[in-house]
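What follows is a single structure, written as structure tokens, with notes after it.
The values are calculated or read from the model by the stated rules, or taken from the named source; none is laboratory data. What you see is a predicted model; the values in this text were computed from it and never measured. No Cβ is skipped: glycine too gets one built from the backbone with ideal geometry, and neighbour counts run over all protein chains shown. For accessibility, only protein heavy atoms count, side chains too; no ligands or nucleic acids. Shrake-Rupley method; radii C 1.70, N 1.55, O 1.52, S 1.80 Å.
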Amino acid sequence: GASWFTGGINPSSGNTTAANVLDDYEEGTWTPAFTNIGTGTYDLQSGTYTKIGRVCTIQVHLDISTQGNASGNIQVSGLPFTSANISAHYSCSSSIHGTSWTTSRTSLNGILLPNSTLMNFYQNMAATGSGYTTNINDIGAGNLLFQMTYHTS
């Protein structure tokens, strides 16, 4: 991505310490992928990001053309930056859109663990634990679109 801050901007009055200077702005593209697509193929793999300081917002559109031997839980890999390594800081995706799924799912949510570039997807709320993992067979030859904001390392 392109970064155009050289000296940074200091939004605080009087406090000129380095921690208060906004010195990073980037925009770019990246290629999201399912970790377990196997012999499956894509119609579309599109990812964009905007990073301001340590805050990164991503947009993703994955469209499966043929499922092939794809199997296992839905995991999206290759996020443009590693998430912050702060215990118990899990980033959650925004609303998720999907069409032409083989199996209808509700309350789908992506979770990014600390110190990671890999998202896991879950459905429904759970009385204990973290809900049910969502299987890539549920998508079939459908698509997955989402947005997420997270803190980088």
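When you scan the stretch 27-54, how many residues do you find that are modelled with pLDDT under 95 and farther than 23 Å from residue 141 by Cβ?
The total comes to 3.
Scan the stretch 55-72 for residues that are under 15 Å from the mean Cα position of the chain (by Cα) and either surrounded by fewer than 18 Cβ atoms within 10 Å (Cβ to Cβ) or at pLDDT below 90 (or both) and jot them down.
Passing the criteria: 55, 57, 59, 61.
Need pairs with beta-carbon distance below 7 Å; first residue over 17 Å from residue 60 (Cα atoms) and within the stretch 134-150, second among the basic types (Lys, Arg) and not in a strand (DSSP E or B); sequence gap 6+ or separate chains.
134/105; 138/105
Could you please let me know if residue 9 is aliphatic (A, V, I, L, M) and either under 21 Å from residue 105 (Cβ atoms) or at pLDDT 95 or above (or both)?
no
Taking the stretch 32-47, which residues are in a strand (DSSP E or B) and in contact with a Gly (Cβ under 7 Å, 6 or more places away or on another chain)?
Hits for the stretch 32-47 are 33, 41.
Name, by its number, the condition in (1) modelled with pLDDT under 90; (2) in a strand (DSSP E or B) that does not hold for residue 146.
The one condition residue 146 does not meet is (1).
Taking the stretch 101-113 on its own, how many of its residues are in contact with a strand residue (DSSP E or B) (Cβ under 6 Å, 6 or more places away or on another chain) and surrounded by 15 or more Cβ atoms within 10 Å (Cβ to Cβ)?
Looking only at that region, the number is 6.
Please enumerate the residues belonging to the stretch 73-96 that are open to solvent by less than 30 Å² (accessible area, probe 1.4 Å), modelled with pLDDT under 95 and of a type in the set (A, V, I, L, M).
Of the residues in the stretch 73-96, the ones open to solvent by less than 30 Å² (accessible area, probe 1.4 Å) are 74, 76, 79, 83-84, 91, 93.
With modelled with pLDDT under 95 added as a condition, the list becomes 74, 91, 93.
Passing the criteria: only 74.
Run down 130, 116 and say which single residue is at pLDDT below 90, part of a loop (DSSP other than H, G, I, E, B) and among the hydroxyl-bearing types (Ser, Thr, Tyr).
The conditions single out 130.
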